Amino acid sequence: LKRKELDLVLTDRMPELQEEGSLTVHPLAGSTMSLFAAPELAAQLKKDFPASLNGQPLLANATDAPYFERLMNWFSLNGVRMKLVARVDDSALIKVFGSQGYGVFAAPTSIREEVCRQYEVAQIASVDEVMDELFAITRGRKIAHEGVRAICEAHSHSNVNSDQNGS
């Protein structure tokens, strides 16, 4: 961005901006996170949630993702100890493993219908205290590129928490 080779960077991490005014962060979207599993396992885990998660296998698709640390903290605060059985950097592959019954995985609540339909899994619960966010970073305050401006303005008029908080 600073070399003016890009007009926009999308990220799930709130950047630490060194120089005031050189870059601008635009919050685009946010969603609570939900936990999913194969339908039979999800049905069992819905009962007595979150205690039912104790000892269950956890599939992680990016342990360095900002939401992952918040999710681990939420588990800890709720006395939940899951067994991390896989770290896979491909979000589609982690959902496939989950659909095959290999464990529980997290995904944004805002896409739960698509996750459940496409991967034939079921939502266990929404974890409303854990958010996944998306930001756009641009150069300066005034956006020259029409497409970038449309992206940033369209989302600035909507609620940052874009999911409907359903469980």
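The values are calculated or read from the model by the stated rules, or taken from the named source; none is laboratory data. Remember, predicted model here, so these are calculated numbers, not experimental data. Every residue, glycine as well, gets a Cβ built from its backbone with ideal geometry; the counts of neighbours run over all protein chains shown. When the accessible area is computed, the model is the full protein with side chains, heavy atoms only, and any ligands, DNA or RNA have been set aside. Shrake-Rupley method; radii C 1.70, N 1.55, O 1.52, S 1.80 Å.
Quick rundown of the values:
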{"item": "About the Cα centre, charge dipole magnitude for the chain (Lys/Arg +1, Asp/Glu -1 at Cβ), debye", "result": "120 debye"}
{"item": "For the chain, with +1 on Lys and Arg beta carbons and -1 on Asp and Glu, the positive-most of Ala154, Ile143, Ser99 along the dipole", "result": "Ser99"}
{"item": "Where the chain is the region considered: accessible area per residue in Å², 1.4 Å probe", "result": "58 Å²"}
{"item": "Surface share of carbon and sulfur [accessible, 1.4 angstrom probe, percent] for the chain", "result": "48 percent"}
{"item": "Candidate values [x] 34, 16, 14; [y] 24, 18, 15; [z] 49, 19, 12, label of the one derived for semi-axes √(5λ) of the Cα gyration tensor in Å", "result": "[x]"}
